[in-house]
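Values in this text are rule-based calculations from the coordinates and carry no lab data. For clarity, every value in this text was computed on a predicted model and none was experimentally measured. Cβ placement follows ideal geometry from the backbone for every residue including glycine, while neighbour counts extend to all protein chains displayed.
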Amino acid sequence: IMDIVRCAKSEGIRDIILLTNGYHLNDRLIEELAELEAKVSLTFYGMTNETYLKFTRLPNAFDKVARNAEKMLEKGMDVRFNYALLNHTYDDVNKFIEFSKKSKGKYFGISGLLPFGEAKNKMSDLNVSSEKCEKIENYALFKRKLFSSNFPKVYSCKPMHLTILSNGEVSYCLI
């Protein structure tokens, strides 16, 4: 992945955003990403180790991802938080929004997951009702107004947002 980031930078691509769950980042990778001024979009699958374990099967994942987010923010990196809205993570949305504010990330987003990869096997968890989605959207916008400039901006994909998939193919924004 770092080869791709370095290559993109050398070709003059300025706006590089790494989409990651943050679990496999380490100090060396964080340092390199900071030096290359890459932005990171970090997806959270809950706000506790238990909720993470249900979806990712990774032990102590929330603690590790939260520490990695903190390290990147300490380096002054542009870190965007994304929350995977699932039936088992719905109740933690408030915690995610407060975490985003407290962590001083610049942006946050809340989105569902698309049914491919491991997510295909968890379709019942992916189908969050439109009523719940609307409640969350209204809550997030309310909190943004309430805290004004001290609160992260809500983001969405730009029209020409491209994604490099794990198999190397390039796709338009998937969100």
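The table below gives the values:
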read-out: Test set (1) in contact with a Gly (Cβ under 7 Å, 6 or more places away or on another chain); (2) more than 27 Å from GLU131 (Cβ to Cβ); (3) among the β-branched types (Val, Ile, Thr) - THR89 fails condition number; value: (2)
read-out: Candidate set: region 1-15, residues that are surrounded by fewer than 17 Cβ atoms within 10 Å (Cβ to Cβ) and of a type in the set (A, V, I, L, M, F, W, C); chosen: the one farthest from PHE108 (Cα to Cα); value: CYS7
